[in-house]
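S.K.: Provided herewith is a single structure, encoded as structure tokens, for subsequent inquiry.
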Amino acid sequence: SASPVTVLGLGAMGTALATAFLTNGHPTTVWNRTAARADALLPLGAVRAEDVAEAVEASELVIACLLDYASVHEVLDPVAGRLKGRTLVNLTNGTPAQARETAAWAAGHGIAYLDGGIMAVPPGIGTEQAFVLYSGPREVFDAHLPVLERLGAAHFAGVDAGLAALLDIALLSGMYGMFAGVFHALALVGTEEVPAEEFAPMLSGWIGAMATGIPHYARQIGSREYADGVVSNVAMQSAAFGNLLQAAEDQGLSPELIAPMQSLMARRVAGGHGHEDVTGIVELLRKQA
Ligand code: NDP
């Protein structure tokens, strides 16, 4: 029979996680600070714990999905002793440093710990679109893999507890950079009443086509070599980028979502790298050691 699991936190995401466990037959104990949020799960068979201690003691596997790491500590610090000998999988969004700090806290209390990052929205949980990143001891991941896979594809990021958060934050950074450009583009065409439904497929096709360059950019940034096979040098791109900012101003739109790349490109050109690819701007991001 399916193994028991406890879910702490029943926001939009925690509710989706608990639902995936329940619909796959796992005895599921739930706890949420605002107890009424468990109501919707009771018809699916969820057991509502009266308090965190009871929730933690109900299952060998405890999944936390709270707002942030401050709430994780607020909820779990008082029950650290009861978590001893159990497995805690923390799917709360956080930084690599927060993940490592929490892994050290768990180790200090004899708690097996995996840190995780959910790459899905709540309706995607349990579908083929969802994947979840995990880091921590490999044997802990392997032991719980059949349960974790109920949520979506499980990707092991490494034994360093901070690596799942690193990849999660990197993916979200890429997403928000994309959003910045896409939202600006949609606002820009809107200044001339271009029908959004006509422009949207053109934009999504263009973004998809541009994304095919990611492996090439990865090689350049990984090797820190930006000069080979350049077809769109940064001096040219810097000049054209000025038109992006000017057009926004002319159309009565603030360019602030896209503006930061301009000064980076200009600095790169001024530094004598105008013939290289635009990826070289990452050299300007690296803080001096
Ligand atoms: P919600 O805002 O829907 O829920 C937040 C949850 O955190 C609630 O259960 C809330 O309890 C609880 N909480 C907040 N502060 C405290 C506290 N001090 N003590 C106890 N409980 C607390 O957020 P989501 O469920 O959407 O997100 C949860 C986590 O999942 C976040 O880290 C988020 O970044 C991550 N995530 C979310 C995604 C999404 O699209 N929703 C996608 C990927 C990751 P209460 O009900 O009592 O307020």
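The values are calculated or read from the model by the stated rules, or taken from the named source; none is laboratory data. All figures in this text were calculated on a predicted structure; none of them were measured in a lab. Virtual Cβ from ideal backbone geometry, glycine too; neighbours counted across all protein chains shown.
S.K.: Go through region 32-58 and give me each residue that's more than 22 Å from A120 (Cα to Cα) and either under 27 Å from the mean Cα position of the chain (by Cα) or near the ligand (Cβ under 9 Å from one of its atoms) (or both).
M.R.: R33, T34, A35, A36, V52, A55, V56
S.K.: Determine which member of the set G136, G158, G108 is buried (at least 23 other Cβ atoms within 10 Å of the Cβ) and more than 14 Å from the ligand (Cβ to nearest atom).
M.R.: Only one candidate passes the filter, namely G136.
S.K.: Using the structure shown, decide if V62 is of a type in the set (V, I, T), away from the ligand (no atom under 12 Å from the Cβ) and in contact with a Lys or Arg (Cβ under 7 Å, 6 or more places away or on another chain).
M.R.: yes
S.K.: In region 9-20, how many residues are within 8 Å of the ligand (Cβ to nearest atom) and either aromatic (F, W, Y) or crowded, with 24+ Cβ neighbours inside 10 Å (or both)?
M.R.: 3
S.K.: So, T23, is that one in contact with a helix residue (DSSP H, G or I) (Cβ under 8 Å, 6 or more places away or on another chain) and more than 12 Å from the ligand (Cβ to nearest atom) or not?
M.R.: yes
S.K.: Listed residues H216, H144; which is more than 18 Å from the chain's Cα centre (by Cα) and not assigned by TED's automatic domain parsing to the domain that holds N90?
M.R.: H216
S.K.: Within region 72-98, count every residue that is among the charged types (D, E, K, R) and near the ligand (Cβ under 9 Å from one of its atoms).
M.R.: 1
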